[in-house]
Amino acid sequence: MTANLHRLVYYSRNHVSADAASFKAAVDDILAKSRINNARDDITGALLFNSGCFAQVLEGPLETVEATFERIQQDERHGEVSLLAFDPVPHRSFPDWAMGFIGLSDADAARFSGIAASSGFDPSRLSGQEIHRLLRDLTLEEEQAHA
Ligand SMILES: Cc1cc2nc3c(=O)[nH]c(=O)nc-3n(C[C@H](O)[C@H](O)[C@H](O)COP(=O)(O)O)c2cc1C
């Protein structure tokens, strides 16, 4: 049990150069750092990327979630960071993920969020609850695929 468990949801705009190699390097770096820091800070969650946007769920003790989000907001690899939800929760949705990463195709986004694939996935059109549900469903699929 984690005392003072909170969940934070945000989305942001990707500022990493669009070429595949730079993007992969940036994501690998973010994930490597996240997995070390989040294990230390008792934080779990998932990070999603699609069409130039990030969306992330962080869950853990209030203090470490706040400190992590402070660092993330100052990161120049993204911008226009928009906080969608920050609430106390009774249990974790991502207990086994120090930071799950999901690259999402527009077709998958459409399937999960009801957004037309042709319009592209834009997390700014989703609520914190919808983003949370989307990431949870996708990580569950991922877990089942590798079970
Ligand atoms: C989209 C995005 C998501 C990130 N997620 C996390 C995270 O979950 N945990 C974390 O510690 N850092 C995360 N970072 C990295 C932080 O911005 C920052 O670089 C890092 O926490 C610095 O750690 P250090 O002080 O140990 O060097 C993320 C960065 C970006 C751009």
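A Cβ distance below 9 Å, combined with a sequence gap of six or more or placement on separate chains, defines the contacts here; from region 72-87, residues that are in a loop (DSSP other than H, G, I, E, B) reach residues that are exposed (fewer than 13 other Cβ atoms within 10 Å of the Cβ) in the pairs Arg77/Asp29.
Provide a single number: the residues in region 35-62 that are farther than 18 Å from Gly79 by Cα and surrounded by 12 or more Cβ atoms within 10 Å (Cβ to Cβ). Going through region 35-62 one residue at a time, the tally reaches 15. Within region 17-48, how many residues are more than 8 Å from the ligand (Cβ to nearest atom) and touching a helix residue (DSSP H, G or I) at 6+ places or on another chain (Cβ under 8 Å)? Number of matching residues: 5. In region 50-72, the qualifying residues are those that are in contact with a strand residue (DSSP E or B) (Cβ under 9 Å, 6 or more places away or on another chain), of a type outside the set (Val, Ile, Thr) and within 8 Å of the ligand (Cβ to nearest atom), and the one that is farthest from Leu140 (Cα to Cα) is Phe54.
Laboratory data are not the source of any read-out in this text; all were calculated from the coordinates shown. Remember, it's a predicted structure, so these values are computed and weren't measured experimentally. Neighbour counts run over all protein chains shown; Cβ positions are idealised from the backbone, glycine included.
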